[in-house]
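Undergrad: Starting off with a structure, shown below.
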Amino acid sequence: MGFINRNEPFDRAEFTFFVPTQIKYGIGKVAALGMELQVEDDLASCNNVMIVTDKGVLAAGLVDKVKAGLVDSVYEIKAIFDEVPPDSDLRIVAKCAKEINDLGINLIIAIGGGSVMDTAKLASLIGTHGGEVRDYEGGFMVPGKCIPIVAIPTTVGTGSEVSVGAVVKDHETKTKITIASPHLYPRIAMLDPEMVATLPAKLVAYTGMDALTHAIEAYVSTENQPISEALAFRAAEMIYDNLEIAVKDPSNLDARAKLQIASMLAGMAFSNAPVGATHAISHTIGGLYGLHHGLSNAVALPYVMEFNLESSPSRYAALARAFNVTQTGLSDLELGKLAIERVRNLKVALGIPERYRDLDVPSNQETIDKVTEIALMDICMAFNPRKAEFAEFQPLVQQVI
Ligand SMILES: NC(=O)c1ccc[n+]([C@@H]2O[C@H](COP(=O)([O-])OP(=O)(O)OC[C@H]3O[C@@H](n4cnc5c(N)ncnc54)[C@H](O)[C@@H]3O)[C@@H](O)[C@H]2O)c1
Ligand SMILES: [Fe+2]
């Protein structure tokens, strides 16, 4: 339907778009994993395999599917590392990296959501280049190639299977650490809708809202450019059209498949046009209070859209079109407000609480100040379309808490 945005002057003198990950999609595709890997010249001889996963994914029977897909192939599973906790943990990454070295692993298969895929990325990094995660914090700090990763996503949110980064929690300091590098892209992303069929409705809602946040924040990112824009817009449309259906009807594999594809599109978009203030706040809340990443994004998203609206009204107006707003004769600001209203309504339909205080986050002044301070230091703030200092940002945090 409709149009993306008007024929505005092109405001980028130059841009780069980079996603090196090969994407293989198919219902039941995992059953042919061995064959799919073997046909890749560079992976044919990488046959000392470690599977990285977590206990929930293991219990859902998803590791068994992958094991079956490797039977009669050249790939030998030397270890299954299933200790990844939600948001992962610096010590777990170190432990996984040590096992990688001890066993001479040369191929990692990550089966899980963002926590698993990011642990695999960072364990591959430390297993290859040594040191500890903190040594590589920030952007472009990874010195070279790492052990290749085959990422098999089992949630519909992070896009980590095609993304430039990894996020991990330091449970001692209660902070989240972001590492971004072209060397952290997985070698292959295998998208098989059967791998998300077991995802509980609540996690479909949370992770789907994470993907929607990626799409919206990439679309309005200071780094947005025509390729990321096309990916982000299509992702926003697909998520809006399918998220509520997928949450309310767990048997609808079509809706889940579309969410899986959309979250991947959004991952490619934000790897080139990074996310903004919603993620800065959500990383802070996740670090301090352990809320699921997608849930904490979902709570903050409409508030941040409102905060940003006047900085890029035509972009939010275009998003209204992605959310099936068909009215004509409205100004960009009016359309942008309708886009925000649609996101708020979706949040309600998915049963997501209005504010963090509804999720037991303290709402006192001390918390508001602390969250404001930490969020403003998050790397994502650099890409938010509206720049803000403490005095301007604090009222936003106050609203969302
Ligand atoms: N690297 C990136 O680009 C990026 C982007 C966004 C978020 N993240 C990070 O990803 C993490 C969150 O990842 P997530 O939202 O995918 O959740 P998750 O990986 O933490 O998984 C959540 C829970 O879902 C369970 N689960 C996963 N798939 C399942 C399935 N198919 N069936 C049954 N249970 C299943 C897991 O066992 C786990 O208990 C956060 O740490 C966040 O910061 C990374
Ligand atoms: Fe995210």
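Undergrad: If Lys and Arg each add +1 and Asp and Glu each add -1, what is the summed charge of the other residues whose beta carbon sits under 12 Å from the beta carbon of E172?
TA: Values: positive: R91, R134, K169, K174; negative: D89, D170.
Around E172, the charge tally is +2.
Undergrad: How big is the charge dipole of the chain about its Cα centre, in debye rounded to the nearest 20, if each Lys and Arg gets +1 on its Cβ and each Asp and Glu gets -1 on its Cβ?
TA: 380 debye
Undergrad: Express as a percent, rounded to the nearest 5, the fraction of DSSP beta bridges in the chain (both residues included) that run antiparallel.
TA: Bridges in the chain that DSSP calls antiparallel: roughly 20 percent.
Undergrad: Using a cut-off of 11 Å between beta-carbons, work out the net charge of the residues near E354 (Lys and Arg +1, Asp and Glu -1, E354 not included).
TA: On the way: positive: R344, K347, R355, R357; negative: D358.
Taking every other residue near E354 into account, the sum is +3.
Undergrad: Which value, in Å² and to the nearest 10, is the accessible area of H279 when all protein chains are kept and the probe is 1.4 Å?
TA: 10 Å²
Undergrad: A further question follows. Hey, can you grab everything whose amide H is under 5 Å from the amide H of T158? Only 5+ residues off in sequence or another chain; H modelled, so Pro and N-termini drop out.
TA: When sequence neighbours closer than 5 places are left aside, the close amide H contacts are G114.
Undergrad: In addition: For D64 paired with A391, estimate the spin-label separation in nm (one decimal), with each label point 7 Å from Cα along the Cα-to-Cβ line.
TA: 6.2 nm
Undergrad: Using just the C-alpha positions of region 22-195 as equal point scatterers, what log10 of I(q)/I(0) does the Debye formula give at each q in 0.08, 0.19 1/Å?
TA: Debye intensities relative to I(0), on a log10 scale: -0.20, -1.24.
Undergrad: What are the principal axis extents of the Cα atoms in the chain, in Å, biggest first?
TA: Dimensions of the chain along the principal axes of its Cα atoms: 62, 45, 43 Å.
Undergrad: What longest range of the chain stays clear of loop-exposed GluC sites (Glu not before Pro) (DSSP non-H/G/I/E/B, at most 10 other C-beta within 10 angstrom)? The partial results should precede the final answer.
TA: Values: sites that count: E14, E172, E389.
Longest site-free region, per DSSP loop and neighbour criteria: 173-388.
Undergrad: List the pairs from K55/K258; K145/K370; K258/K370; K176/K202 whose alpha-carbon separation is above 31 Å, in the order I gave them. Intermediate results must be reported in sequence, preceding the final value.
TA: Details: K55/K258 26 Å; K145/K370 37 Å; K258/K370 38 Å; K176/K202 23 Å.
Result: K145/K370; K258/K370 exceed 31 Å.
Undergrad: Express in whole angstrom the spacing between the alpha-carbon centres of region 330-401 and region 228-300.
TA: Cα centroid of region 330-401 versus Cα centroid of region 228-300: 16 Å apart.
Undergrad: Counting only heavy atoms of the protein chains, get the accessible area per residue of region 304-401 (1.4 Å probe) and round it to a whole Å² value.
TA: Heavy-atom SASA per residue in region 304-401 reads 47 Å².
Undergrad: Within the chain, which whole H helices from DSSP have a Cα span along their axis of at least 24 Å and a mean Kyte-Doolittle hydropathy of 0.5 or more, if any?
TA: The qualifying helices are 201-220, 253-272.
Undergrad: Tell me the label-point distance for the pair K98, F10, using the 7 Å Cα-to-Cβ offset, in nm and rounded to one decimal.
TA: Distance between the two pseudo-spin positions: 5.4 nm.
Undergrad: Here's a follow-up. Once the Cα gyration tensor of region 201-400 is found, what semi-axes does its equivalent ellipsoid get, as square roots of 5 times the eigenvalues, in whole Å, sorted largest first?
TA: Over the Cα atoms of region 201-400, the ellipsoid semi-axes are 24, 20, 16 Å.
Undergrad: Also: Once Lys and Arg get +1 and Asp and Glu get -1 on their Cβ, which of I109, L90, L376 lies farthest toward the positive end of the dipole of the chain?
TA: Farthest towards the positive pole: I109.
Undergrad: Sum -39500 (n - 2.57) across every DSSP H segment of at least 4 residues in the chain, then divide by the residue count to get the 222 nm mean residue ellipticity, nearest 500.
TA: -15500 deg cm²/dmol
Undergrad: Still on this structure: Report the net charge of residues surrounding G104, where surrounding means a beta-carbon distance below 15 angstrom and charges are Lys +1, Arg +1, Asp -1, Glu -1. Could you put the intermediate results ahead of the total?
TA: On the way: positive: K78, K98; negative: E76, E99, D102.
Here the charged neighbours net out to -1.
Undergrad: Mind checking which of M190, T119, F140 is farthest towards the positive end of region 22-195's charge dipole, using Cβ charges of +1 (Lys, Arg) and -1 (Asp, Glu) about the Cα centre?
TA: Most positive-ward Cα: F140.
Undergrad: Taking all protein chains in place and a 1.4 Å probe, what share, in percent, of the accessible surface of region 45-188 do carbon and sulfur account for?
TA: Working: 2830 of 5300 Å².
Solvent-exposed carbon and sulfur of region 45-188 make up 53 percent of the total.
Undergrad: Also, I was wondering about something else. Taking a probe of 1.4 Å, how large is the accessible area per residue of region 115-250, in Å²?
TA: So region 115-250 comes to 31 Å² accessible per residue, rounded to a whole number.
The values are calculated or read from the model by the stated rules, or taken from the named source; none is laboratory data. None of these values were measured; they are calculated from a predicted model. Positions of Cβ are backbone-derived with ideal geometry, glycine not excepted, and every protein chain shown enters the neighbour counts. Each accessible area value is taken on the protein alone, full model and side chains, heavy atoms only, with ligands, DNA and RNA left out. Shrake-Rupley method; radii C 1.70, N 1.55, O 1.52, S 1.80 Å.
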